[in-house]
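*Asks:* The following block contains the structure, expressed as structure tokens.
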Amino acid sequence: MASIRDLKKDINFVLGDIIEAVYLWETDSGNKDSKKGSAIIDGAIEVFDDLIVKVNQKDVDDRKAHLKSVQSELESKATDLIEQLNKLG
């Protein structure tokens, strides 16, 4: 497991890239402010908030296992958001 700082950076970069991809799709397709795009962005922000709260939890029994579960949750939820984004195209 990498450091907590690296995990927070991963969360930020991965979800930020997904949001940026939605904005690029909206620009390229001419669907500015689309409801589907906004739903994906809202989902990414919700995932971000949820994961950051989990990373900052101090009252866990096994911190290393907890952070690994946060990392795997990031991967699964990011994959779901990317699948939603791919369906837009």
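*Asks:* Would you please name the residue that is modelled with the lowest pLDDT, looking only at residues in the stretch 1-55 that are of a type in the set (S, T, N, Q) and outside any helix (DSSP H, G or I)?
*Replies:* Checking each candidate, the answer is 31.
*Asks:* Let me ask something else about it. Looking at the stretch 68-89, I want the residues that are in contact (Cβ under 8 Å) with a residue 24 or more places away in the chain and have a partner that is open to solvent by 90 Å² or more (accessible area, probe 1.4 Å) and part of a helix (DSSP H, G or I) with Cβ atoms under 6 Å, at least 6 apart or on another chain. Which pairs are those?
*Replies:* What qualifies is 88/36.
*Asks:* Which of the residues spanning the stretch 33-89 are among the basic types (Lys, Arg) and under 14 Å from the mean Cα position of the chain (by Cα)?
*Replies:* Listed by number, the residues that qualify are 54, 77.
*Asks:* Which condition number does residue 73 fail, the rest of (1) in a loop (DSSP other than H, G, I, E, B); (2) open to solvent by less than 70 Å² (accessible area, probe 1.4 Å); (3) among the acidic types (Asp, Glu) being met?
*Replies:* Exception for residue 73: condition (1).
*Asks:* I'd like the full set of residues that are touching a residue at least 60 places away in the same chain (Cβ under 8 Å) and β-branched (Val, Ile, Thr), limited to the stretch 10-28.
*Replies:* If the condition is that a residue be touching a residue at least 60 places away in the same chain (Cβ under 8 Å) and β-branched (Val, Ile, Thr), then 11, 14, 18, 22 are the ones that fit.
*Asks:* If you don't mind, there's one more thing I want to ask. Output the residues belonging to the stretch 10-35 that are open to solvent by less than 50 Å² (accessible area, probe 1.4 Å), aliphatic (A, V, I, L, M) and out of contact with any Ser or Thr (no Cβ under 9 Å at 6 or more places or on another chain).
*Replies:* Passing the criteria: 11, 15, 18, 19, 21.
*Asks:* Only one of (1) in contact with a Ser or Thr (Cβ under 9 Å, 6 or more places away or on another chain); (2) touching a residue at least 12 places away in the same chain (Cβ under 8 Å); (3) open to solvent by less than 50 Å² (accessible area, probe 1.4 Å) fails for residue 41. Which number is that?
*Replies:* Single failed check for residue 41: (1).
*Asks:* Also, I was wondering about something else. Can you name the condition, by its number, that residue 7 falls short on among (1) under 18 Å from residue 76 (Cα atoms); (2) of a type outside the set (Phe, Trp, Tyr); (3) open to solvent by less than 50 Å² (accessible area, probe 1.4 Å); (4) without any contact (Cβ under 8 Å) to a residue 24 or more places away in the chain?
*Replies:* (4)
The values are calculated or read from the model by the stated rules, or taken from the named source; none is laboratory data. The structure presented is a predicted model; accordingly, all values stated were derived computationally and were not measured. All Cβ positions, even for glycine, are placed from backbone atoms using ideal geometry, and neighbour counts span all protein chains on display. When the accessible area is computed, the model is the full protein with side chains, heavy atoms only, and any ligands, DNA or RNA have been set aside. Shrake-Rupley method; radii C 1.70, N 1.55, O 1.52, S 1.80 Å.
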